[in-house]
1. List, please: which pairs have Cβ atoms under 8 Å, are six or more places apart or on different chains, and start with a residue in segment 174-191 that is of a type outside the set (A, V, I, L, M, F, W, C) and end with one that is open to solvent by 50 Å² or more (accessible area, probe 1.4 Å) and not in a helix (DSSP H, G or I)?
2. So which residues in segment 310-324 are of a type outside the set (Asp, Glu) and free of Cβ contacts under 8 Å to residues at least 40 places away in the same chain, if there are any at all?
3. Which of the residues that make up segment 166-213 are open to solvent by 10 Å² or more (accessible area, probe 1.4 Å), touching a helix residue (DSSP H, G or I) at 6+ places or on another chain (Cβ under 7 Å) and either hydroxyl-bearing (Ser, Thr, Tyr) or assigned to a helix (DSSP H, G or I) (or both)?
4. Could you list, ordered by first residue, the pairs with Cβ atoms under 7 Å in which the first is in segment 558-574 and aliphatic (A, V, I, L, M) and the second is surrounded by fewer than 18 Cβ atoms within 10 Å (Cβ to Cβ) and part of a loop (DSSP other than H, G, I, E, B), at least 6 apart or interchain?
5. Applying the selection to segment 350-383, what residues are acidic (Asp, Glu), over 30 Å from the mean Cα position of the chain (by Cα) and modelled with pLDDT of 85 or more?
6. Could you please give the count of residues in segment 136-158 that are open to solvent by less than 80 Å² (accessible area, probe 1.4 Å), touching a residue at least 60 places away in the same chain (Cβ under 8 Å) and outside any helix (DSSP H, G or I)?
7. Considering only segment 555-564, I want to know if a residue exists there that is in a loop (DSSP other than H, G, I, E, B) and of a type in the set (Ser, Thr, Tyr).
8. Looking only at residues that are open to solvent by less than 10 Å² (accessible area, probe 1.4 Å) and under 20 Å from the mean Cα position of the chain (by Cα) in segment 116-132, which one is nearest to residue 150 (Cα to Cα)?
Amino acid sequence: MPTYKLRGIDVDFPFEAYDCQLVYMEKVIEALQKRCNALLESPTGTGKTLCLLCATLAWRKSLGGFSTGSSQRKSEFHGSQPDVGSSESQSSNHPTIVYTSRTHSQLRQVVQELRRSNYRPKMVVLGSREQLCIHEEVSLLRGKAQTNACRFLCRKRQKRSCTHFSRVADYMKSNPHIGDEPVDIEDLVNIGRKYGPCPYYVARELHKAVDILFAPYNYLIDREYRGSLNFEWHNSILIFDEAHNLESICADAASFDLSSGLLTACISEAKHCVDLAVGRREESNDKSGNPDNFAILRALLLKLQKRIDEVPIESKELGFTKPGPYIYELLADLNITHETASKLIEIIEDATVLLEEDKKHDAKGNGCRLESIGNILKSIYRDKGNGHADSYRVHVQEAEVNATDIFKGKSSRILSWWCFNPGIAMQEFSERGVGSIILTSGTLSPLDSFAQEFKLDFPIQLENPHVISSNQIWAGVVPLGPSGRPFNSSFRFRDSPEYKQELGNAIVNFARIVPDGLLVFFPSYYLLDQCISCWKNMGNTNSSTIWERICKFKKPVIEPRQSSLFPMAIEDYMTKIKDTSTSGAVFFAVCRGKVSEGLDFADHAGRAVVITGMPFATPTDPKVRLKREYLDLQAQSPREGCKAMTDADISRMIKLLSGEEWYNQQASRAVNQSVGRVIRHRHDYGAIIFCDERFAQSSRQSQISVWIQPHIKCYSKFGDAVFTLTRFFRDGGSCTPAKPELADQKTLDPSPSSTKPVPDEIKTAQALDESYTEKLPVLMLKAATT
C-alpha cells in the first residue's frame with residue numbers, strides 16, 4: 001500500500017494516487033492543521049470518499065493512536081436512563097471526527113471505503129430505532145410511538161421490560177473490541193439478533209468512545225438529534241459529504257408548513273385525548289392524563305385555525321407575508337408565549353403517549369399528528385429571545401381544495417414559517433468550538449453561495465479536475481436545432497410548437513448516435529410532459545411521429561412524479577439497457593428530480609446526458625420570491641451604515657449574495673448535478689450536450705463544474721455537433737473500454753463494467769436522421785457520412 005507524505009503527514013492510500021487525489025488530500029489536511037473550514041469539490045470517480053477518509057484519519061493518527069482495544073475504553077454501560085448522558089465524550093482527548101452524509105445507503109458505501117483503507121479507528125454508525133430495533137413489538141412501530149414504547153420498556157422497575165436493552169451492559173463489557181473493525185447498520189442488527197443486545201443502545205453507548213462517528217445529516221442539523229450526541233465538541237471535525245443540497249436541507253429543517261388538513265387532524269386527536277382521559281378515570285380511576293389539559297389544547301388549536309382563516313389574503317398569488325417575528329404576535333393572541341409554550345409542549349407529549357397507548361389509534365397506522373405541533377412550538381420558542389426570527393418570514397397562502405370541501409364552503413390554508421438563513425443550523429458549531437467543518441461533493445459549483453449563505457468563512461476551497469483524459473469526454477453547446485431554429489427553454493419560447501419540434505428532432509439524432517444509455521433532462525415536469533405529448537402527435541411527411549422515431553433507436557423511460565414509482569422506472573430502464581435486441585434506452589427526467597440526484601449511470605447506463613434548458617425555479621413561487629427579497633435586503637443592509645464608503649470598499653469588507661445571484665446559482669447547481677450522472681470513473685467516457693443557446697454565454701459556462709469547462713465547445717451548426725459527436729463515440733467506444741471503477745460509486749447497475757460495444761450501425765450510420773439531412777449544407781452531409 002503506497003504511503004504519501006502530505007504537509008508532513010504520512011497518508012496510507014490503497015492505490016497509486018492520481019495528482020488530483022493528492023491535491024484533494026492535501027487540502028483536507030491543510031484545513032485540519034489550520035483548524036479552518038473547507039469547501040472541496042471533486043468529481044465522482046476521483047475517489048473523493050476514500051481520499052477524505054485516508055487524509056482525515058492519517059491526520060488524526062498523527063496526533064496519537066486510535067481508541068481501539070479494551071485498554072482505551074473508559075466508559076461503562078449500566079443499563080439505565082436511556083437517551084440521557086453527560087455532555088462530554090468518555091473517549092480520549094483527541095478530536096472526534098463526525099462524518100455525515102444524506103442517507104444511510106450512502107453511509108454504507110462510506111463504510112465500504114473505510115474497509116478498503118489501511119486505517120482501523122474505533123468507529124460506529126448511528127441509526128434510528130426504526131433501523132436498529134429488534135424488539136418483537138416495538139420494531140413494528142414508527143416515529144414517536146416507537147421512541148416512547150422503547151423508553152417505557154427500558155425503564156427500571158417496570159413489569160414489562162426489553163430483554164435486549166438489559167443485555168447491552170454485559171455485551172459491551174465482554175466485547176470491548178466492537179467498532180475496532182468497520183461495522184455497518186446491518187452488522188449491528190445481526191449482532192443483536194445473534195447475541196441478544198439492543199443494536200440501538202450498543203451504537204449509542206459506543207459513540208461516546210469512538211475516533212470517527214458516521215451518521216445522517218440530521219444528527220448534526222436537527223437540534224433535538226444534536227442534543228443527544230455525547231462527545232466532546234471542542235476541536236471536533238465535522239464532515240458533510242454529498243453536501244450539494246446542504247443549504248436547502250438546513251433551511252428546511254428549521255422551517256415548518258402547517259396545513260388546514262394537518263391542523264384539523266390535530267384538533268380531532270386532542271378531542272380523542274379528552275375522551276380517552278375521561279374514560280380511563282371512570283373505568284379505573286386512572287388520573288395519569290388530565291382531560292382539562294387536553295380540552296385546553298383542543299381549544300387553542302381551534303382558535304389557531306380560526307386565526308389563520310381570518311388572515312386577509314388580497315392576492316392568491318402573493319398570499320399574506322409578514323416578517324419572521326410576527327409569529328410571536330400571532331401566537332400571543334392565543335396566549336401562547338415563551339412562558340406558556342413549555343407547558344403546552346408537555347401537554348402535547350402527554351397526549352402523544354395517551355394516543356399511542358390506545359390500541360384503536362395504533363391500528364389506524366396514521367401515527368400521531370399532534371407531535372408535529374409540538375415540534376413547531378419547539379422550533380419557534382427554542383431560544384429565550386426572538387433574535388433568530390429575523391431570518392424567517394411568516395406566510396399564509398390558499399391551498400388547493402377538493403370538490404367536497406368547496407361544496408361545504410371550507411377553505412384550505414397553509415401557515416408557513418420559512419427560514420432563509422441556512423447558517424442558523426451552523427452557528428451552534430462555532431459556539432461549541434468545532435475545529436473544522438468540511439463540505440464536499442462531486443458537484444458543489446458554484447461555490448460562492450455556500451460560504452455566503454452559511455455565514456461561515458471557508459478559506460480552503462478546491463474545484464478538482466477529473467481523472468479522465470480529454471478523449472473520454474465530449475462537451476458541447478448546441479444552440480441550434482437541425483432546422484437552424486434556436487434552442488431556448490425560457491418562458492417566451494418553451495410553449496411554441498416550433499421549439500418542441502426542433503428539440504424532438506435533435507433528440508431523434510442523439511438517440512441514433514449515442515450508444516446504450518441516453519439521459520435527457522428537462523427544466524421541469526411541465527416541460528417534460530408538454531414535449532412528450534407534442535412529440536407523440538407531431539409527425540413528418542412519412543407520417544411517423546417524433547416519438548416513434550425516438551423509440552426506433554432507444555426504448556423510452558419517463559421519470560415518474562410519484563416517488564413510490566421511481567424504483568420501477570429504474571428497473572425498467574436497466575432492463576431495457578441490458579436488452580441486446582435493442583440499441584439502448586433513453587431516460588427522460590427532470591433537473592432536481594430523483595434521476596439527477598445521487599444515482600450512478602456508469603458506463604453503458606449513461607453514455608450521454610442532454611440538458612434541454614436552464615432549470616430556474618418558478619419565480620412566482622412564494623418561497624422563491626421571498627428568498628430573493630430576503631437576500632436583496634441582506635445585501636443592502638451593510639450599505640445603509642456605510643454611506644461614506646465606496647461600493648468597492650463595501651464589497652471588499654463583506655461579500656453578500658443578491659437574490660438574482662442566488663437564483664442563477666441554484667439553476668447552475670441543478671445543471672451540474674444532472675450532468676454529473678455520467679462519466680463515473682477513471683475508465684468511463686461520455687458526452688454532455690447543452691441544448692440551450694444561453695449556455696453559450698461565458699457567464700453561464702463559468703458556473704459549470706470546473707472539470708467540464710475546458711472541454712466545452714460551442715457549435716454554430718447542428719451538423720458540426722453531430723459530426724464530432726459521431727466521431728467521438730466511434731473512437732471512444734473502441735479506444736476506451738470500460739474497466740472496474742477506481743473508487744466510491746453509487747452503483748445503479750451491479751455489473752457496470754459489462755459495457756456493450758458500440759453497435760456497428762452507430763459507427764457507420766449517417767450522422768443525422770434522414771428526414772432532416774436535406775436541411776444541412778451538402779458539404780456537411782458528406783463529412784457526416786464519412
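1. What qualifies is 180/120; 181/120; 182/120.
2. Correct list: 312, 315.
3. Scanning segment 166-213 gives 171, 172, 185, 189, 191, 195, 200.
4. Hits for this filter: 569/560.
5. Hit for segment 350-383 is 350, nothing else.
6. Result for segment 136-158: 1.
7. No, every residue in segment 555-564 fails to be in a loop (DSSP other than H, G, I, E, B) and of a type in the set (Ser, Thr, Tyr).
8. Top of the filtered list is 127.
The values are calculated or read from the model by the stated rules, or taken from the named source; none is laboratory data. This is a predicted model, so every value here is computed, not measured. Positions of Cβ are generated from backbone atoms using ideal geometry, with glycine treated the same way; all protein chains shown enter the neighbour counts. Side chains included, ligands, DNA and RNA excluded: accessible areas come from the protein's heavy atoms. Shrake-Rupley method; radii C 1.70, N 1.55, O 1.52, S 1.80 Å.
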